[in-house]
Amino acid sequence: MVEPLIQVEALWKVYPAGDVSALRGISFSVVQRGFIALVGPSGSGKSTLMHLLGCLDQPTQGSYRLEGVEVGKLLPNALARIRNSKIGFVFQGFNLLARTTALENVELPMLYGGRSGRERTQRAKEALERVGLGDRLKHYPNQLSGGQQQRVAIARALVMRPPVILADEPTGNLDTYTSVEIMSLFQTLNAEGSTVLLVTHEPDIARYASRIISLRDGLIQSDQPVGDPKGA
Ligand code: ADP
């Protein structure tokens, strides 16, 4: 049997502050090339789960295996190494450096990888071309539209060629038309082999994914394939 890319079993997260059980024993797995939307009301545990999946935090109890490796109990340095090589992050607010060109923003994740300047530039250029910004390499964020800035952020997430892309409300700051463009881009990247997990509170956005996991009060309320994803 092929090992799932992500396997989560009986995962708990209890925050000592206030003794809150943000996740209460959830289990699911994600195969390679999955495209999952994580939905649920505010406070249902979406951000907590994304933090755990992104190796930014560790579970209180339970198991999280990424490419077969148990990451739930790793020490912070080892966790950071996994995070840098296995996960590409995309955020609602783009999180680009302002006085830095699109190309330099995309080169950033490679600065600590011991790659030559020439290789960094080449790979950043390729990533920007993949997201349709090959003609905006030298632009600064304030010279780009919101949708273009999010494309730069997606290129930055792709540049280390991570197996998993985690996106936290990636269309939350974008108008409807631009949101559709960004979701189509995620669909294309997914069709090309990326596994994508995104958090959204918008049902319309969730329907671009091929599977929707719905959380409520720290539990999985439903986990279903999308019969006919939008735009696909
Ligand atoms: P969502 O992203 O779905 O809004 P969260 O994962 O942010 O949900 O929160 C789940 C629950 O955990 C909430 O009750 C929230 O108040 C609590 N929580 C989240 N982060 C912390 C924290 N750092 N310390 C204490 N409680 C937290």
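Values as computed for the structure displayed
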quantity	calculated
Residues (open to solvent by less than 30 Å² (accessible area, probe 1.4 Å) and not in a strand (DSSP E or B)) located in the range 64-77	71, 72
In the range 44-63, residue nearest to residue 28 (Cα to Cα) [restricted to those that are open to solvent by 60 Å² or more (accessible area, probe 1.4 Å) and assigned to a loop (DSSP other than H, G, I, E, B)]	60
Exclusive hit being of a type in the set (A, V, I, L, M) and part of a helix (DSSP H, G or I), set 96, 108	108
Only listed residue being at pLDDT below 95, under 30 Å from residue 179 (Cα atoms) and either open to solvent by less than 40 Å² (accessible area, probe 1.4 Å) or not small (Gly, Ala, Ser) (or both), chosen from 96, 108	108
Given (1) more than 21 Å from residue 85 (Cβ to Cβ); (2) of a type in the set (Lys, Arg); (3) open to solvent by 60 Å² or more (accessible area, probe 1.4 Å), index of the condition residue 161 fails	(1)
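Okay, residues lined up against (1) within 16 Å of the ligand (Cβ to nearest atom); (2) closer than 23 Å to residue 220 by Cα; (3) out of contact with any Gly (no Cβ under 7 Å at 6 or more places or on another chain):
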| site | (1), (2), (3) |
| --- | --- |
| 14 | yes, yes, yes |
| 33 | no, yes, no |
| 53 | yes, yes, yes |
| 57 | yes, yes, yes |
| 60 | yes, yes, yes |
| 77 | no, no, yes |
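The values are calculated or read from the model by the stated rules, or taken from the named source; none is laboratory data. Every value quoted in this text rests on a predicted model; they were computed, and no experiment measured them. Virtual Cβ from ideal backbone geometry, glycine too; neighbours counted across all protein chains shown. Keep in mind that these areas ignore ligands, DNA and RNA; they rest on the heavy atoms of the full protein, side chains included. Shrake-Rupley method; radii C 1.70, N 1.55, O 1.52, S 1.80 Å.
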